[in-house]
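**Q** First the structure, which I've put down as structure tokens, then a few questions once you've had a look.
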Amino acid sequence: MIDTHTHLTSCGDAPLEVIGRARAAGVQQIITVGSNADEMRAVTPLLGEPGIYTTAGLHPNSADQWNDQLEQQIRERATHPRCVAIGETGLDYFRDHVTPETQLIAFRHQLELARELDKTIVIHCRDADDDCFRLLVEEAPTRVILHCFAVPQRLDEAIENGWWCSFAGNVTYPKASDLLLAAARCPVDRILLETDAPYLTPVPHRGTPNEPAFVMDTLRAVAQVRGVSCDELAAQVLLNATAAYALS
């Protein structure tokens with residue numbers, strides 16, 4: 001199994017302990033995100049660990065940090081053999097940390113970088129799907145992952161555009177039946193699973209910090225609603241992630 005999106009350096013325990021528990025649970029590969037300069041630096045010591053990959057980018061809630069120096073840092077990190085994507089980037093109109101105008105500037109730059117470098121782009125989209133989808137269509141990056149997929153009403157549109165939809169632990173929540181149904185409907189070759197740890201802890205671990213080992217609980221919930229075995233879905237998610245992130 002693979003956790004296709006997490007934040008190892010933000011989890012409660014030391015990253016190597018978290019990785020060890022994930023491996024014991026059956027999670028052999030992890031994409032740990034670099035969503036700002038500090039996080040990119042923090043994950044560097046982990047990139048020698050087997051099965052650990054990363055990304056390089058700037059989260060929309062930190063978009064006011066965008067400058068030429070950061071763009072160069074992202075470019076340099078993108079050359080690392082374990083860096084498999086640009087992001088997470090995108091738009092977040094739910095929180096008011098940064099104006100939409102500032103977010104759009106950082107987002108456009110990262111879309112251009114992903115296209116120029118032929119990298120996958122990992123999208124954070126919250127209450128901003130109209131602008132996110134429009135820009136993704138306009139800029140047409142090579143590979144798009146909609147991280148923590150949260151717009152079930154736009155699943156068909158995402159699939160028509162060839163994007164991957166990554167479902168997190170919130171699909172296990174009682175009030176998220178629409179998300180679980182979207183996970184059931186998502187085409188077999190476009191579905192990914194993630195934790196977004198330490199956030200969005202799945203049932204039955206809610207109330208504790210999330211971690212990559214818990215992606216197995218999301219796997220069980222989604223496998224059940226899709227009517228397949230956990231082993232079959234885990235193998236498919238790994239196959240999809242290999243294509244989505246161009247893993248070697």
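**Q** Taking the criterion of being of a type in the set (S, T, N, Q), assigned to a loop (DSSP other than H, G, I, E, B) and more than 18 Å from R21 (Cα to Cα), would at least one residue in the stretch 228-238 satisfy it? Before you say what the answer is, go through the steps one by one.
**A** From the stretch 228-238, those of a type in the set (S, T, N, Q) are 229, 236; that's our starting set.
Of the ones still in play, those that are also assigned to a loop (DSSP other than H, G, I, E, B) are 229.
Still in the running and more than 18 Å from R21 (Cα to Cα): 229.
Yes - at least one qualifying residue is present in the stretch 228-238.
**Q** Something else: Restricting the search to the stretch 207-218, which residues are in contact with a strand residue (DSSP E or B) (Cβ under 9 Å, 6 or more places away or on another chain) and part of a loop (DSSP other than H, G, I, E, B)?
**A** The answer is N210, E211.
Matching residues to (1) within 15 Å of S35 (Cα to Cα); (2) touching a Ser or Thr at 6+ places or on another chain (Cβ under 8 Å); (3) loosely packed, with under 14 Cβ neighbours inside 10 Å; (4) of a type in the set (D, E, K, R):
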| site | (1), (2), (3), (4) |
| --- | --- |
| S62 | yes, yes, no, no |
| D68 | no, no, yes, yes |
| Q103 | yes, no, no, no |
| R108 | no, no, no, yes |
| E112 | no, no, no, yes |
| L117 | no, no, no, no |
| C125 | yes, no, no, no |
| D130 | no, no, yes, yes |
| E138 | no, no, yes, yes |
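A quick yes/no check of all residues on (1) over 24 Å from D3 (Cα atoms); (2) in contact with a His (Cβ under 7 Å, 6 or more places away or on another chain):
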| position | (1), (2) |
| --- | --- |
| R82 | no, no |
| E88 | no, yes |
| L91 | no, no |
| R95 | yes, no |
| L113 | yes, no |
| E116 | yes, no |
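**Q** Count, please, the residues in the stretch 157-198 that happen to be touching a residue at least 60 places away in the same chain (Cβ under 8 Å) and either loosely packed, with under 14 Cβ neighbours inside 10 Å or at positive phi (or both). Step through it out loud before you land on a result.
**A** Of all residues in the stretch 157-198, those touching a residue at least 60 places away in the same chain (Cβ under 8 Å) come to 164, 166, 168, 192-198.
If we keep only those that are either loosely packed, with under 14 Cβ neighbours inside 10 Å or at positive phi (or both) too, we end up with 196.
Qualifying residue count for the region: 1.
**Q** Sticking with this one: Search the stretch 159-181 for residues being within 12 Å of C148 (Cβ to Cβ) and small (G, A, S), and hand back the single one that is modelled with the lowest pLDDT.
**A** A176
**Q** Tell me which helices (runs of 4 or more DSSP H) are completely within the stretch 28-123 and hold 1 or more residues being closer than 20 Å to A14 by Cα and in contact with a helix residue (DSSP H, G or I) (Cβ under 9 Å, 6 or more places away or on another chain), or say none if there are none.
**A** Output list reads 37-43.
**Q** Restricting attention to the stretch 207-242, report how many residues are among the small types (G, A, S) and without any contact (Cβ under 8 Å) to a residue 60 or more places away in the chain.
**A** In the first step, residues of the stretch 207-242 are kept if they are among the small types (G, A, S); the result is 207, 213, 221, 223, 227, 229, 234-235, 241.
Subset that is without any contact (Cβ under 8 Å) to a residue 60 or more places away in the chain: 207, 221, 223, 227, 229, 235.
Here the count works out to 6.
**Q** Go through the stretch 122-161 and give me each residue that's farther than 20 Å from P198 by Cα, within 16 Å of the chain's Cα centre (by Cα) and small (G, A, S).
**A** Within the stretch 122-161, just A158 meets the criteria.
**Q** Can I ask one more? Buried (at least 24 other Cβ atoms within 10 Å of the Cβ) and in contact with a strand residue (DSSP E or B) (Cβ under 9 Å, 6 or more places away or on another chain) - does that describe any residue in the stretch 8-15? Full working, then the answer.
**A** Keep residues of the stretch 8-15 that are buried (at least 24 other Cβ atoms within 10 Å of the Cβ), which gives 8.
The next check asks that each one be in contact with a strand residue (DSSP E or B) (Cβ under 9 Å, 6 or more places away or on another chain); those that pass are 8.
Yes, there is a match, as at least one residue in the stretch 8-15 is buried (at least 24 other Cβ atoms within 10 Å of the Cβ) and in contact with a strand residue (DSSP E or B) (Cβ under 9 Å, 6 or more places away or on another chain).
**Q** Does P204 meet the test of being part of a loop (DSSP other than H, G, I, E, B) and in contact (Cβ under 8 Å) with a residue 60 or more places away in the chain? Even if it seems obvious, please write down each step before you answer.
**A** Working: part of a loop (DSSP other than H, G, I, E, B): yes; in contact (Cβ under 8 Å) with a residue 60 or more places away in the chain: no.
Spelling it out, it is not the case that P204 is part of a loop (DSSP other than H, G, I, E, B) and in contact (Cβ under 8 Å) with a residue 60 or more places away in the chain.
Per-residue answers, yes or no, for (1) under 18 Å from the mean Cα position of the chain (by Cα); (2) at pLDDT below 95; (3) among the charged types (D, E, K, R):
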| site | (1), (2), (3) |
| --- | --- |
| D3 | yes, no, yes |
| L8 | yes, no, no |
| G12 | no, yes, no |
| R21 | no, no, yes |
| T32 | yes, no, no |
| A37 | yes, no, no |
| M40 | yes, no, no |
| L47 | yes, no, no |
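**Q** Follow-up question, since we're still on this one. Have a look at A243, A223, A234 and point out the one that is surrounded by fewer than 23 Cβ atoms within 10 Å (Cβ to Cβ) and touching a Phe, Trp or Tyr at 6+ places or on another chain (Cβ under 9 Å).
**A** Values: A223 fails: touching a Phe, Trp or Tyr at 6+ places or on another chain (Cβ under 9 Å); A234 fails: touching a Phe, Trp or Tyr at 6+ places or on another chain (Cβ under 9 Å).
Checking each option against the conditions leaves just A243.
**Q** In the stretch 1-19, which residues are closer than 23 Å to G57 by Cα and of a type in the set (D, E)?
**A** D3
The values are calculated or read from the model by the stated rules, or taken from the named source; none is laboratory data. A quick note: this is a predicted structure, and the numbers were derived from the prediction, not measured. All Cβ positions, glycine included, derive from the backbone under ideal geometry; neighbour counts span all protein chains shown.
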